[in-house]
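Please read the structure below before turning to the comments.
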């Protein structure tokens, strides 16, 4: 697992693109695991600050209960459509996987919680300049960056 700062130091260009993808809209998508192991998708706001990725949750929310029980998670950036007539101009989408670690806060919301994300995987998916290949750039701690292109 790695912090956002460790990832950004290892891959600054990729980290910049991923940050831009997450910044295009306020609401992101969080995937957690329900008590029975099935997936749950929820909207969430994400904060990139102090070399970390942070999540905050309201008291008694299902996603908070999920993460307290099983800290594994996946975050998905908002998405945009490609520019009309120029599929290669699609800026892509980003994903961060890892686990939630509770953070002590000086002013915790009543029974709510704040977490930082320990990163196991970062992925940026986009099209090449010609718009005819899907490009998947990924990074994992200890593995480094990898790029796959598909037709």
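The values are calculated or read from the model by the stated rules, or taken from the named source; none is laboratory data. What you see is a predicted model, and the numbers here were worked out from it, not measured in a lab. Counting neighbours? That spans all protein chains shown, and the Cβs are built from the backbone with ideal geometry, glycine included.
Below, the figures for the structure above:
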read-out	value
Test for residue 38: is it surrounded by 14 or more Cβ atoms within 10 Å (Cβ to Cβ), without any contact (Cβ under 8 Å) to a residue 24 or more places away in the chain and more than 30 Å from residue 131 (Cβ to Cβ)	no
Filtered residue count, segment 118-134, keeping only those that are in a strand (DSSP E or B) and in contact (Cβ under 8 Å) with a residue 24 or more places away in the chain	10
Residue list for segment 15-30, filter: buried (at least 18 other Cβ atoms within 10 Å of the Cβ) and not in a helix (DSSP H, G or I)	28, 30
Condition check for residue 100: within 20 Å of residue 67 (Cα to Cα), under 15 Å from the mean Cα position of the chain (by Cα) and surrounded by 16 or more Cβ atoms within 10 Å (Cβ to Cβ)	yes
Hits in segment 59-109 - residues which are free of Cβ contacts under 8 Å to residues at least 60 places away in the same chain, touching a helix residue (DSSP H, G or I) at 6+ places or on another chain (Cβ under 7 Å) and not in a loop (DSSP other than H, G, I, E, B)	73, 100
Evaluation of residue 32 against (1) in contact with a strand residue (DSSP E or B) (Cβ under 9 Å, 6 or more places away or on another chain); (2) over 17 Å from residue 118 (Cβ atoms); (3) in contact (Cβ under 8 Å) with a residue 12 or more places away in the chain (one fails), failing number	(2)
Criterion violated by residue 91 - all others in (1) out of contact with any strand residue (DSSP E or B) (no Cβ under 7 Å at 6 or more places or on another chain); (2) within 21 Å of residue 129 (Cβ to Cβ) satisfied	(1)
For residue 47: the one exception among (1) under 25 Å from residue 136 (Cα atoms); (2) touching a helix residue (DSSP H, G or I) at 6+ places or on another chain (Cβ under 9 Å); (3) surrounded by fewer than 19 Cβ atoms within 10 Å (Cβ to Cβ)	(2)
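Residues are listed down the side, and each one gets a yes or a no for (1) at pLDDT 95 or above; (2) surrounded by 14 or more Cβ atoms within 10 Å (Cβ to Cβ); (3) over 19 Å from the mean Cα position of the chain (by Cα):
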{"residue": "60", "(1), (2), (3)": "no, no, yes"}
{"residue": "78", "(1), (2), (3)": "yes, yes, no"}
{"residue": "105", "(1), (2), (3)": "no, no, yes"}
{"residue": "109", "(1), (2), (3)": "no, no, yes"}
{"residue": "113", "(1), (2), (3)": "no, yes, no"}
